[in-house]
Amino acid sequence: MMNSLHNLFDSLKEFDAGQGGKGRFYSLPALEKAGVGAISRLPVSIRLVLESVLRNCDGKKVSEANVRELARWQPNAARTGEIPFIVARIVLQDFTGVPLLVDLAAMRSAMVKLGRNPKLIEPLVPVDLVVDHSVQVDFAGTADALERNLAMEFQRNRERYQFLKWGMQAFDTFKVVPPGIGIVHQVNLEYLAQGVLRQPAGPDGRSLFYPDTLVGTDSHTTMINGLGIVGWGVGGIEAEAGMLGQPVYFLTPDVVGVHLTGALQEGVTATDLALTVTEMLRKAKVVGKFVEFYGPGAAALAVVDRATIANMAPEYGATMGFFPIDEECVEYLRNTGRSEEHCKVYENYFRAQGLFGIPKKGDIAYSTDLELDLAGVRPSVAGPKRPQDRIELGNLKEEFIKALGRPAAENGFGKTADELGRVFPVLEGGSAGAGGGSQEPVSPRRSREQNTNPLTELEMANNRPTPDWAAAAIASPGGQLHHGDVLIAAITSCTNTSNPSVMLAAGLLARKAVEKGLKPNPMVKSSLAPGSRVVSDYLNKTGLQPWLDQLGFNLVGYGCTTCIGNSGPLAAPVEETVTRNDVIAAAVLSGNRNFEARIHQNIKANFLMSPPLVVAFALAGRVTIDLTTEPIGRGTGGRDVWLKDIWPGQAEVRDAMRAALKPEVFRRLYRDFAAQNPKWNDIPASAGQVYQWDEHSTYIQQPPFFENFSLQPGHIAEIKAARPLGIFGDSVTTDHISPAGSIKKASPAGNYLIEHGVNFVDFNSYGSRRGNDRVMTRGTFANVRIKNLMTPGVEGGVTAFQPGGETMSIFDAAMKYAAQRTPLIVLAGTEYGTGSSRDWAAKGTRLLGVRVVVAQSFERIHRSNLVGMGVLPLQFKEGVSAQTLKLDGTETYDVLGLSDQLKPRQDLTLRITRAGGRVESIPVACRIDTPIEIDYYQHGGILPYVLRQLAGQPPKGLE
Ligand code: SF4
């Protein structure tokens, strides 16, 4: 392998790899010396990508021209060139990873059908899948919540976990971090990431070293940018291509420099900073750009604080929020248990590359330069619906009240001012009834006793049993709800749980609160779900966990939980009161996303905040409070307790951190996972290179992507007489398109599951059913909150079947259109496909028969996923929309100008034929952005493209 190393531009050099040895590397300083470009003036993130382009230059996938073009990156230039980026590794979480493994298994089956060796399908770069998305907060507020949630998780997901175990033995480079260990990005930061990687030594004993780079099938893969590692979230489809040796292609980006100065003041957390950065960069319009933080303020931030900011790159819209490499990174690697030898190689490598140290003002020419003085950051929260809507802590009450009265179209809740003071009694019986409880009460407890089914209707509606903690709320005499009451308080999400400073601050605040005599609010469902077991280790060592327990923040699991919407049910009477009266209840969480229905389907106001503030608001029990001027509550002796009385100082947090973080803990907790997880060991695994599909499985099915597959691609042709399946407004998220949460009983997916013998209580979530295309296709556009403008006033996945306008589910309509061979079109507003990277949002669209999506603008990953599935993304011209065109869904559509000569971003014609026969043609931009995407589109998507490529190649080490 080492013999095949090229020496383009005389760039293959040696450096001191420690312990008296030399290592090889592709030298960026040598590239500059060769006159290829002013490389030392390039942003660090661009230089790291350039290293990959240089090292992987083989004249086929990556050409010398690619190296030259990127080496001459200009801060401000037309961005037309695509960069072929071959990453060093891939990370997956289970929601996206299982379907990806299903696709790999399907490709192997397709290879067998083609008469080829199935081993041709094999990940060419290491793949790590962390099972973190499946744990739900069914139980909370008790000492055994962790155990019981884990048991439920294994019970629900056994089939998926069996399938993952098959994958582990079938593919050489596919590893799984089992459930109950941590959250993918925190595990990546604390364990998987190496910073610098090495190829095995050649005959001369010298290894080749290169930077750790990755893509992951989760938007928040960017968290790793906090450790100076280039990586971002891609759709499962692109990740598949990446693991099969294809470059990840992306348009040459602008790089926005953010010059950080000053330091955070007392009382301000890294979360406050992340929310401030999110607000600032959203306004700066950094979508599709790299962001690079630099300057003395960046240099002074710990890696964990950098990681919190980097994590939220999807929320500010950037491809990455990158921090360069420096001593802090070496320290972080050392403190998290990486070997001394490795730390040395890491430092030496980046010094040799001229990439060690945070740049200063003027060192680098950025496309745009922004300034942020950390001293100006204030305690903040963000919400109620969008992460970029930052609110200073003292303004939350006022902002919530304003939002309550604003129309829904303006991010409000459409209530009137006099509703603020309304009281909604939570009856013991749980039937509060519209308008305050006039309907006949039905006690959930009584109905359970009378019913042989142990679950109430509400529990069933949530697919979950009511857990023990709910008893407190149910029994709470005279319980009342108001708009703005906090019903969920969750210390959740890798964004913050990876940061010991805010986690310890939460523990310290809990201790002080209990000492002052504050009591937990029984209406609030509190939970603590760290992203790794290291957190529990330090919360226990510092003696802080018991204080959190006393406030209901017992450990519920190591996984995404509330952050991904796995928040579990509320107490049945509470939830019934909320839904019947449309109470605008609140969730407070230390997460990064708060779109409607993301956190819990019946909680509409969701506020992001630091873990200590989550504890504070759980105690206050409402967001209609100004914690800077009003007491949190009454403590011992009825005395008022204020936030400032219990807020931990920076010095206290620092002391706790010193006592807490030890490298040996990371080493102990990050080894031999299987031995630490008996439930995982108990799962049986099937063997063999090709998966034996079980037609009775409701979790894993062979997808139809390779049905009638031929080795020759078809031609690109015009689309004629398409019917609209949906017309949507702005900011339709991938969760609207392909929800991850619970499956409604009365829905196409629900009907399918019932027909296949699955009890309602075992439905599990859409996220966990992504290995079954039948469920997922039926669940596409099935989010209960999606609003199809073709059926005004109706929420959920319905449409008007044309001609005639009969209202029916989107799935049923799609199947009727398919039977008529009618192609389908979707029309949408701005930011179509925003939110988490979700390949099923594109796969489901394709499998419903949608051939083209026309939007005012697209989110980056979703656009590329649509192309990756062979769906054509088109963009309206500025100022044009479905509304300005007065489209109502009764039209038919032709896309003209499509042919094999299609060029990236070329203009096409959308011909609209109205119901009355009037014809109108408008220009639209083809959002196939790069030449390789034209190939993908022509082949019907990335998977057929890669399969055709690989079917013609010998597998590594086999033929
Ligand atoms: S905790 Fe939240 S941000 Fe982190 S991986 Fe899970 S869902 Fe994504």
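The values are calculated or read from the model by the stated rules, or taken from the named source; none is laboratory data. Fair warning: this is a prediction, and the values are worked out from it, not measured in the lab. FYI the Cβ positions are ideal-geometry reconstructions off the backbone, even for glycines, and counts take in every protein chain you see. Heads up: the accessible areas ignore ligands, DNA and RNA and are worked out on the full protein's heavy atoms, side chains in. Shrake-Rupley method; radii C 1.70, N 1.55, O 1.52, S 1.80 Å.
Given a Förster distance of 51 Å, report the FRET efficiency between A721 and A365 from their Cβ-Cβ distance, rounded to the nearest 0.05. If you can, show how the numbers build up before the last one.
Numbers: r = 51 Å, r/R0 = 1.00.
Using R0 = 51 Å, I get an efficiency of 0.50.
Sort 929-937, 835-843, 505-513 by the packing proxy (mean of other Cβ within 10 Å over each peptide's residues), most packed first.
Details: 929-937: 20.4, 835-843: 29.1, 505-513: 26.2.
With the highest mean Cβ count within 10 Å placed first, the list reads 835-843, 505-513, 929-937.
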- Run the quick spin-label model on Q155 and E419: label points 7 Å from Cα toward the beta carbon, then report their separation in nm to one decimal. 3.8 nm
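Any idea what the dipole of the range 123-164 comes to, in debye rounded to 20, about its Cα centre with Lys/Arg Cβ at +1 and Asp/Glu Cβ at -1? Intermediate results must be reported in sequence, preceding the final value.
Values: 4 positive and 7 negative charges, 29 e Å.
In total the dipole reaches around 140 debye.
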- Item | Packing-based order for 559-567, 344-352, 672-680, 319-327, using average beta carbon neighbours within 10 Å, highest first | 559-567, 319-327, 344-352, 672-680
- Task: Roll a 1.4 Å probe over the protein chains and send me the accessible area per residue for the range 179-275 in Å².
- Result: 18 Å²
- Message: Projecting each Cα onto the charge dipole of the chain (Lys/Arg +1, Asp/Glu -1 at the beta carbon, about the Cα centre), which of I922, A489, A409 comes out farthest on the positive side?
- Response: I922
- Message: If I model a spin label as a point 7 Å beyond the Cα along the Cα-Cβ vector, how far apart are those points for E755 and E806 in nm?
- Response: 1.6 nm
- At a Cα cut-off below 22 Å, give the lysines reachable from K415, other chains included and same-chain residues fewer than 8 away excluded. K385, K397, K402, K604, K787
- What whole number of Å gives the distance from the Cα centroid of the range 910-931 to the Cα centroid of the range 198-224? 45 Å
- the chain: antiparallel DSSP beta bridges as a percent of all, rounded to 5: 45 percent
- Item | Solvent-accessible area per residue, Å², over the range 568-640 with all protein chains present [probe radius 1.4 Å] | 23 Å²
- Task: Can you figure out the FRET efficiency of Q901 with T629, using R₀ = 51 Å and their beta-carbon distance, to the nearest 0.05?
- Result: 0.15
- Item | Listed residue (L555, I584, G568) projecting farthest to the positive dipole end of the range 540-597, Cβ model | L555
- Message: What does DSSP give for the range 797-933 in terms of the percent of beta bridges that are antiparallel, rounded to the nearest 5?
- Response: 70 percent
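Which value, in debye to the nearest 20, gives the size of the charge dipole of the range 174-244 about its Cα centre, when Lys and Arg are +1 and Asp and Glu are -1 at the Cβ?
The dipole magnitude comes to about 200 debye.
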- Item | Net charge, H696 excluded, C-beta distance under 13 Å - Lys, Arg +1, Asp, Glu -1 | -3
- With a Förster distance of 35 angstrom and the Cβ-Cβ distance between R667 and D694, calculated FRET efficiency to the nearest 0.05 equals 0.30
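List the GluC sites (Glu not before Pro) within the range 658-714 that DSSP assigns to loop and that have no more than 13 neighbouring Cβ atoms inside 10 Å.
Filter output for the range 658-714: E695, E707.
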- With a 1.4 angstrom probe the carbon and sulfur portion of accessible area for the range 296-440, in percent, totals 49 percent
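Using only the heavy atoms of the protein chains and a 1.4 Å probe, how would H696, H185 rank by accessible area, largest first?
Details: H696 145, H185 10 Å².
Putting H696, H185 in descending order of accessible area: H696, H185.
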- Note on the structure: Rounded to a whole %, the carbon-and-sulfur portion of the accessible area of the range 101-260 at a 1.4 Å probe is 52 percent
- Message: Among A651, L661, S899, which residue has its Cα furthest toward the positive end of the charge dipole of the chain, with +1 on Lys/Arg Cβ and -1 on Asp/Glu Cβ?
- Response: S899
